[in-house]
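Engineer: This is the structure, below, for whatever I ask next.
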Amino acid sequence: MSGVRAQRRTERGRQAERRRAARRHAMATAASVVVAVGTVSGLLAATGGGNDTAGPRPEVSGSAPYVPSPPARPSPTATASASAPPSSSPSSSPSPPGTSAKPSAPPAPKPSVKKSEAPGAQAPRTVSASLYRHPRSQVLDWVRANPGDPRRAVIESRIADRPAAVWFAQYDPGAITGRVRAVTSAAAAAGRVPVLVPYAIPDRDCGGASRGGAPDLAAYDGWIRNFADGLGGGPVIVVLEPDSIALADCLSDGARAARYASLARAGKVLRAANPRAKVYFDAGHSGWHSAAKMAGALREAGAVTSGDGVFTNVSNFHTTAAEASYARRVLAGLGGPPHLGAVIDTSRNGNGAPAPGEWCDPAGRALGRTPTTRTGEARIDAYLWIKLPGESDGCSASAGEFSADYAYALATG
């Protein structure tokens, strides 16, 4: 295994050098999403994190879907949006607390976010039922296997018991319908709303650490149709292809236009299959592209006519306030149709973003707002945990692997 890890470290170094070279030629100054899913070990059915492509965990038996965990990508150094608050300054290296630390008491409820001052603000349009927590994940495996660990109570109550998204990162046209149906039917039986993340777009992650996906767009269109066949008839939230729009600058003009057309078709197919499905398109995050640029790209990708809004901050750390402000600017750039809203990944943004360039399990981070569809914020439909806290970006543990130290640090940060 040490040889494999060494090879991965070498590969990550090469990838980092390629990204540094790309950044020197890039016009954008904002940070990229620390996200994307690849064929890595991780959750059997919920989101996670990592940095490179480790081997997938063996497929589970029964009806539960095999869902690999999303690795993270290094963020290029960037300046945040001028309207976003400054990032927090974490310590220089990730150094989670030791296992002997005494669990602290549960945190007090977070103060409510300032209400939007926009006139005529509407209530969130998305479903208001409780979100679904899939019963199989790495963090739950750890909780069950470590009943005597002093960190267990904190990790269980603050992470394992929270609902999280379910990623589908394999191109598996023969199996995807059943895997999606297994989640949606279980959620419906529980009276809960699942959050699903289809992640199989061709040229995923621009060939980086999370490369993979369908072999071409025609195959992807078929895969999405099969995905949609498993949605059922209950309420469901679909986070459609993280990075697919914000990272599309790596594609040629023709390939980018073809991708956008495919995403527009995907949104229509998903919503037609289940009229209660809410489909959200990729808007990057507040430290990456400008809201105007993202609105233009989203319009080309059919977000207005084929979707229910946008998602931001997937696997990243920007504050909820900064993301809400950014999301509203993106929606305004789309013309502000009243049916469009936004969902924000709050899984690790409790203390805001780390210093520029610190992306791999950065120290000083904390859990963000608990997942909910009752945000009380105009145009913000939900706070979601799309990346599961505690699954490593590749520093506190192997990429995609659950780290109790990291999870505990986030839960007590």
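The values are calculated or read from the model by the stated rules, or taken from the named source; none is laboratory data. Because the structure is predicted, anything quoted here is derived from the model rather than measured. With ideal geometry, Cβ positions are generated from the backbone for all residues, glycine too; neighbour counts draw on all protein chains shown.
Engineer: Of the conditions (1) over 17 Å from Ala303 (Cα atoms); (2) surrounded by fewer than 23 Cβ atoms within 10 Å (Cβ to Cβ); (3) of a type in the set (Lys, Arg), Arg265 fails just one. Which one is it?
Structural biologist: Only one criterion in (1) over 17 Å from Ala303 (Cα atoms); (2) surrounded by fewer than 23 Cβ atoms within 10 Å (Cβ to Cβ); (3) of a type in the set (Lys, Arg) is unmet by Arg265, namely (1).
Engineer: Can I ask one more? Go through segment 270-343 and tell me which helices (runs of 4 or more DSSP H), entirely inside it, have 2 or more residues that are crowded, with 24+ Cβ neighbours inside 10 Å. Please lay out each step first, then the result.
Structural biologist: Details: elements: 291-300, 303-306, 320-333.
So the answer is 291-300, 320-333.
Engineer: Could you pull out the residue among Gly336, Gly302, Gly341 that is modelled with pLDDT of 95 or more and over 30 Å from Gly191 (Cβ atoms)? Spell out the reasoning first.
Structural biologist: On the way: Gly336 fails: modelled with pLDDT of 95 or more; Gly341 fails: over 30 Å from Gly191 (Cβ atoms).
Gly302 is the lone residue from the list that is modelled with pLDDT of 95 or more and over 30 Å from Gly191 (Cβ atoms).
Engineer: Given the residues Ser315, Ser286, which is the only one that is on the phi > 0 side of the Ramachandran plot and in contact with a strand residue (DSSP E or B) (Cβ under 8 Å, 6 or more places away or on another chain)?
Structural biologist: On the way: Ser286 fails: on the phi > 0 side of the Ramachandran plot.
Residue meeting the stated conditions: Ser315.
Engineer: Of the residues in segment 392-412, how many are of a type in the set (D, E, K, R) and touching a Pro at 6+ places or on another chain (Cβ under 8 Å)? Full working, then the answer.
Structural biologist: Taking segment 392-412 and keeping what is of a type in the set (D, E, K, R), we get 393, 401, 405.
Remaining after also requiring touching a Pro at 6+ places or on another chain (Cβ under 8 Å): 393, 405.
Residues meeting the conditions: 2.
Engineer: Let me ask you something else. Only one of (1) touching a Ser or Thr at 6+ places or on another chain (Cβ under 9 Å); (2) more than 27 Å from Pro150 (Cα to Cα); (3) not in a loop (DSSP other than H, G, I, E, B) is not met by Tyr406, so which one is it?
Structural biologist: All conditions pass for Tyr406, except number (2).
Engineer: Kindly evaluate Ser252 against the criterion of being free of Cβ contacts under 8 Å to residues at least 12 places away in the same chain and over 20 Å from Ile380 (Cα atoms). Before you say what the answer is, go through the steps one by one.
Structural biologist: Details: free of Cβ contacts under 8 Å to residues at least 12 places away in the same chain: yes; over 20 Å from Ile380 (Cα atoms): yes.
Criteria met by Ser252.
Engineer: For Arg256, which of the numbered conditions (1) part of a helix (DSSP H, G or I); (2) surrounded by 23 or more Cβ atoms within 10 Å (Cβ to Cβ) fails to hold?
Structural biologist: Every condition holds for Arg256 apart from (2).
Engineer: Does Glu391 satisfy the condition of being crowded, with 24+ Cβ neighbours inside 10 Å, at pLDDT 95 or above and of a type in the set (D, E, K, R)? Write out each step before concluding.
Structural biologist: Details: crowded, with 24+ Cβ neighbours inside 10 Å: yes; at pLDDT 95 or above: no; of a type in the set (D, E, K, R): yes.
Judged against the criteria, Glu391 is not a match.
Engineer: So which residues in segment 221-242 are closer than 19 Å to Ala186 by Cβ and either surrounded by 24 or more Cβ atoms within 10 Å (Cβ to Cβ) or under 20 Å from the mean Cα position of the chain (by Cα) (or both)?
Structural biologist: If the condition is that a residue be closer than 19 Å to Ala186 by Cβ and either surrounded by 24 or more Cβ atoms within 10 Å (Cβ to Cβ) or under 20 Å from the mean Cα position of the chain (by Cα) (or both), then Phe227, Ala228, Leu231, Pro235, Val236, Ile237, Val238, Val239 are the ones that fit.
Engineer: I've got another one for you. With respect to Pro275, is the statement that it is over 17 Å from the mean Cα position of the chain (by Cα) and under 29 Å from Thr184 (Cα atoms) true? Before you say what the answer is, go through the steps one by one.
Structural biologist: Details: over 17 Å from the mean Cα position of the chain (by Cα): yes; under 29 Å from Thr184 (Cα atoms): yes.
Yes.
Engineer: Residues that are farther than 18 Å from Ala248 by Cβ and in contact with a Leu (Cβ under 9 Å, 6 or more places away or on another chain): which helices (runs of 4 or more DSSP H) entirely in segment 144-236 hold 3 or more of them?
Structural biologist: Details: elements: 152-155, 176-190, 217-228.
Correct list: 176-190.
Engineer: Does Val183 satisfy the condition of being touching a Phe, Trp or Tyr at 6+ places or on another chain (Cβ under 6 Å) and among the hydrophobic types (A, V, I, L, M, F, W, C)? Break it down into steps so the answer makes sense when it comes.
Structural biologist: Numbers: touching a Phe, Trp or Tyr at 6+ places or on another chain (Cβ under 6 Å): no; among the hydrophobic types (A, V, I, L, M, F, W, C): yes.
No: the conditions fail for Val183.
Engineer: Considering only segment 246-254, I want to know if a residue exists there that is touching a Phe, Trp or Tyr at 6+ places or on another chain (Cβ under 9 Å), among the aliphatic types (A, V, I, L, M) and farther than 14 Å from Ile201 by Cβ.
Structural biologist: No, the conditions are met nowhere in segment 246-254.
Engineer: Sticking with this one: If I go through segment 344-371 residue by residue, how many of them are surrounded by 18 or more Cβ atoms within 10 Å (Cβ to Cβ) and either among the hydroxyl-bearing types (Ser, Thr, Tyr) or not in a loop (DSSP other than H, G, I, E, B) (or both)?
Structural biologist: Residues meeting the conditions: 6.
Engineer: Next up: Determine, yes or no, whether Arg151 is buried (at least 24 other Cβ atoms within 10 Å of the Cβ), of a type outside the set (A, V, I, L, M) and either under 24 Å from Ser403 (Cβ atoms) or touching a strand residue (DSSP E or B) at 6+ places or on another chain (Cβ under 7 Å) (or both).
Structural biologist: Values: buried (at least 24 other Cβ atoms within 10 Å of the Cβ): yes; of a type outside the set (A, V, I, L, M): yes; either under 24 Å from Ser403 (Cβ atoms) or touching a strand residue (DSSP E or B) at 6+ places or on another chain (Cβ under 7 Å) (or both): yes.
Answer is yes for this residue.
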